1. Select, from PHE92, PHE122, PHE137, PHE84, the only residue that is in contact with a strand residue (DSSP E or B) (Cβ under 8 Å, 6 or more places away or on another chain), modelled with pLDDT under 95, closer than 26 Å to VAL172 by Cα and of a type outside the set (S, T, N, Q).
2. So which strands (runs of 3 or more DSSP E) are wholly in segment 129-182 and hold at least 3 residues that are assigned by TED's automatic domain parsing to the domain that holds SER83 and more than 16 Å from PHE84 (Cβ to Cβ)?
3. Under 18 Å from the mean Cα position of the chain (by Cα), within 26 Å of ARG19 (Cα to Cα) and either outside any strand (DSSP E or B) or not assigned by TED's automatic domain parsing to the domain that holds LEU76 (or both): is that true of PRO97 in this structure?
4. Starting from segment 105-123, take each residue that is part of a strand (DSSP E or B) and list its partners that are small (Gly, Ala, Ser) and surrounded by 10 or more Cβ atoms within 10 Å (Cβ to Cβ), counting only C-beta distances under 6 angstrom and pairs at least six apart or across chains.
Amino acid sequence: MPSSGSSAAWEVAISVSTREVSARLEPFPAPGTVGIFTPAEVRIETGAGDVCAARQDPVTDFSSVQNDRGWDDLQLLYHTGYSFWNYLTAPFLLAHPGVEVRDGGPWTENERERWHRVEIAFPPSIPTHSPSQTYYFDDDGLVRRVDYTASFLGATLDVAHYCADHRVAGGVPVPRRRWVVPRRASGKARTGPVMLSIAVRDAWLG
């Protein structure tokens, strides 16, 4: 995935919990340091556990960014932390307290694939891209797409987040490829540009 202020590839090991909202990114933002995300605090530590930088109530700071200078390391950590917690814990996060799930009906993708939509309403306690999202499941019960409204430096955009190449890790299917493209008002996804591309090399469930 791209790093802050760059389109270059960024390789990082990410650990998340399905029981609580938390993520650990290593290395972050550079070799020798680790990024720790929780909704209450983000912090950067050395490998020995010494705190290099920290920020309380990161959502308030993140939502106040309205310029084109880009995010600082702690803002990037908050965004990356909550994003990957959502991505990697799905569909477990849909069972968290306060999450509302509603049948969204069938959907035809590319005029040939038959998927089923599930409408999700997230409570304020769960950091996510947008409180209302749509999950698409195929006949095997695999998450194939998620629709939401993404925010970036004060701008918003409706997107479709695709999931593919599922492989089983610890008995759970994990998408190895993810990509995000803009979404039309009709619900149809555009073919591009690809705003984010993610490749998962290995996955474990511990």
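The values are calculated or read from the model by the stated rules, or taken from the named source; none is laboratory data. All values reported here derive from a predicted model rather than from experimental measurement. Cβ placement follows ideal geometry from the backbone for every residue including glycine, while neighbour counts extend to all protein chains displayed.
1. Values: PHE92 fails: in contact with a strand residue (DSSP E or B) (Cβ under 8 Å, 6 or more places away or on another chain); PHE122 fails: modelled with pLDDT under 95; PHE137 fails: modelled with pLDDT under 95.
When all the criteria are applied, what remains is PHE84.
2. On the way: elements: 132-137, 143-152, 155-169, 172-182.
Of the strands (runs of 3 or more DSSP E) lying wholly inside segment 129-182, none has at least 3 residues that are assigned by TED's automatic domain parsing to the domain that holds SER83 and more than 16 Å from PHE84 (Cβ to Cβ).
3. Numbers: under 18 Å from the mean Cα position of the chain (by Cα): no; within 26 Å of ARG19 (Cα to Cα): yes; either outside any strand (DSSP E or B) or not assigned by TED's automatic domain parsing to the domain that holds LEU76 (or both): yes.
Considered against the rule, which asks whether it is under 18 Å from the mean Cα position of the chain (by Cα), within 26 Å of ARG19 (Cα to Cα) and either outside any strand (DSSP E or B) or not assigned by TED's automatic domain parsing to the domain that holds LEU76 (or both), PRO97 comes out as no.
4. If the second residue must be small (Gly, Ala, Ser) and surrounded by 10 or more Cβ atoms within 10 Å (Cβ to Cβ), the pairs left are ARG117/GLY104; VAL118/GLY104; GLU119/GLY104; ALA121/SER132.
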